[in-house]
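*Asks:* Below you will find the structure I want to go over with you.
The values are calculated or read from the model by the stated rules, or taken from the named source; none is laboratory data. These numbers were taken from a predicted model, which means no experiment stands behind them. Virtual Cβ from ideal backbone geometry, glycine too; neighbours counted across all protein chains shown. We work out accessible area using only protein heavy atoms, side chains counted, and drop any ligands, DNA or RNA first. Shrake-Rupley method; radii C 1.70, N 1.55, O 1.52, S 1.80 Å.
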Amino acid sequence: MVAHVDEECCTFIVNSRIHPFIETHPSLAVCQVKIDAARHQFLKRDSHIACHQVLRLPTQNVITALVSDMSRIQGRLHADVLTEVISAVKRAPTLSVMEQTRIADAPSAPYDDGD
């Protein structure tokens, strides 16, 4: 999941399960956001966004990869899930205040569910 873009793309990993290590650490467990397949047609099953760790990728590499295969763009988060992601980011003890602010303040287009 892309959370913020500037010279780097700040991303979060989406997992089908929460890792046992994360489950046993409450300060990290509260940073896992459920993303349901019912409202996100690009998912095969309910999953979790790991908002405790930012994976940084060079923006130019991401653009190059997407231009070569646009099917990698799967969809947008439902507005309610996006709100939960922002809350999880703000309480993540593993993210710096600068990271939390950058991600929480990132502009996002409104969710379009096709109706």
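*Asks:* Scan region 69-84 residue by residue and report those that are within 24 Å of GLU7 (Cβ to Cβ) and open to solvent by 50 Å² or more (accessible area, probe 1.4 Å). If you could, list the steps in order and put the result at the bottom.
*Replies:* Restricting attention to region 69-84, the residues satisfying the condition of being within 24 Å of GLU7 (Cβ to Cβ) are 69-70, 72-74, 76-77, 82.
Correct list: ASP69, MET70, ARG72, ILE73, GLN74, ARG76.
*Asks:* While we're on this one: Identify, please: which residue in region 85-101 is in contact (Cβ under 8 Å) with a residue 60 or more places away in the chain and either among the hydrophobic types (A, V, I, L, M, F, W, C) or part of a loop (DSSP other than H, G, I, E, B) (or both) and is, among those, most open to solvent (accessible area, probe 1.4 Å)? Walk me through how you get there before you give the answer.
*Replies:* First, pick out the residues of region 85-101 that are in contact (Cβ under 8 Å) with a residue 60 or more places away in the chain: 85, 89, 91-94, 99.
Subset that is either among the hydrophobic types (A, V, I, L, M, F, W, C) or part of a loop (DSSP other than H, G, I, E, B) (or both): 85, 89, 91-94.
Numbers: VAL85: 3, VAL89: 0, ARG91: 116, ALA92: 2, PRO93: 83, THR94: 76 Å².
That would be ARG91.
*Asks:* Does at least one position in region 41-61 carry a residue that is touching a residue at least 40 places away in the same chain (Cβ under 8 Å), more than 13 Å from the chain's Cα centre (by Cα) and over 29 Å from SER96 (Cβ atoms)?
*Replies:* First pass over region 41-61, keeping only residues touching a residue at least 40 places away in the same chain (Cβ under 8 Å): 49, 51-59.
Still in the list and also more than 13 Å from the chain's Cα centre (by Cα): 57-59.
Next cut, over 29 Å from SER96 (Cβ atoms) only: none.
The answer is no; no qualifying residue exists.
*Asks:* If I filter region 5-44 down to residues being in a loop (DSSP other than H, G, I, E, B) and among the aliphatic types (A, V, I, L, M), which single residue comes out as surrounded by the fewest Cβ atoms within 10 Å (Cβ to Cβ)? It would help to see each step written out before you state the result.
*Replies:* Residues of region 5-44 in a loop (DSSP other than H, G, I, E, B): 6-7, 16-19, 24-25, 30-31, 36-44.
Within this subset, residues satisfying the condition of being among the aliphatic types (A, V, I, L, M) are 18, 30, 37-38, 43.
Working: ILE18: 15, VAL30: 16, ALA37: 12, ALA38: 8, LEU43: 16.
Filtering region 5-44 for residues that are in a loop (DSSP other than H, G, I, E, B) and among the aliphatic types (A, V, I, L, M), the one surrounded by the fewest Cβ atoms within 10 Å (Cβ to Cβ) comes out as ALA38.
*Asks:* How about region 46-84: which of its residues are of a type outside the set (S, T, N, Q) and either assigned to a strand (DSSP E or B) or within 21 Å of PHE21 (Cβ to Cβ) (or both)? Please lay out each step first, then the result.
*Replies:* Step one: filter region 46-84 for residues of a type outside the set (S, T, N, Q), giving 46, 48-52, 54-58, 62-63, 65-67, 69-70, 72-73, 75-82, 84.
Correct list: ASP46, HIS48, ILE49, ALA50, CYS51, HIS52, VAL54, LEU55, ARG56, LEU57, PRO58.
*Asks:* Let me ask something else. Considering each residue of region 49-68, count those that are surrounded by 12 or more Cβ atoms within 10 Å (Cβ to Cβ) and of a type in the set (S, T, N, Q), and give that number.
*Replies:* 2
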